[in-house]
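Peer 1: My structure is below; once you've seen it, I'll send some questions.
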Amino acid sequence: MLSLVAEIPGYLQGANPLSIEAVARATFPPAHQPADLATLRAASNEWEAQVSEAVARDDKLAATVRKLEEQYDNELIGAPVSEEHMDEDEDVEEEE
């Protein structure tokens with residue numbers, strides 16, 4: 001049995017073709033399985049465009065996404081999160 005997980009941001013709920021494609025691209029070659037991922041690539045492109053458009057239309061959502069992405073990036077490189085960002089994160093959680 002094999003279980004694969006793709007980490008996606010919490011604000012992106014539901015099916016995520018981009019993550020499904022990433023897992024498929026990582027899985028098929030090592031398993032020596034042929035894969036035509038063109039349809040999945042097209043779905044990924046369309047989904048990504050829809051997400052980008054939704055974020056661009058909503059300033060509050062765009063600010064939240066920027067904060068979450070910055071926090072994630074800082075966690076990856078081990079940078080400390082400032083108290084200012086911690087307070088902002090609490091505000092985001094309370095609004096959800």
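The values are calculated or read from the model by the stated rules, or taken from the named source; none is laboratory data. Computed from a predicted model, the values in this text were never measured in an experiment. So basically every Cβ, Gly included, is an ideal-geometry build from the backbone, and we count neighbours across all protein chains shown. These accessible areas exclude ligands, DNA and RNA; they are computed on the full protein's heavy atoms, side chains included. Shrake-Rupley method; radii C 1.70, N 1.55, O 1.52, S 1.80 Å.
Peer 1: Residue 32 versus residue 69, label points 7 Å from Cα toward the beta carbon: distance in nm?
Peer 2: 4.1 nm
Peer 1: Using a Förster radius of 22 Å, what is the FRET efficiency between residue 76 and residue 5 based on their Cβ-Cβ separation? Nearest 0.05, please.
Peer 2: On the way: r = 17 Å, r/R0 = 0.78.
Here the calculated transfer efficiency is 0.80.
Peer 1: Over the range 12-59, what is the relative contact order in whole percent, taking alpha-carbon pairs under 8 Å and six or more residues apart? Walk me through the numbers before you get to the answer.
Peer 2: Details: 20 pairs, mean separation 23.1, N = 48.
Relative contact order, the range 12-59: 48 percent.
Peer 1: Further question on the same structure: If ligands, DNA and RNA are left out, what is the accessible area of residue 66 with a 1.4 Å probe, given in Å² to the nearest 10?
Peer 2: Approximately 150 Å² of residue 66 is accessible to the 1.4 Å probe.
Peer 1: Could you put 21, 7, 75 in order of accessible surface area, largest first, with the 1.4 Å probe and the full protein assembly present? Working shown, then result.
Peer 2: Details: 21 5, 7 145, 75 115 Å².
Largest accessible area first, the list is 7, 75, 21.
Peer 1: Using 0.36 nm per residue, how much length does the chain from residue 25 to residue 41 gain when fully extended, once their Cα-Cα distance is taken away? Provide the component values of the computation, followed by the final result.
Peer 2: Values: separation 16, 0.36 × 16 = 5.76 nm, distance 1.04 nm.
Separation in residues times 0.36 nm, less the Cα-Cα distance, equals 4.7 nm.
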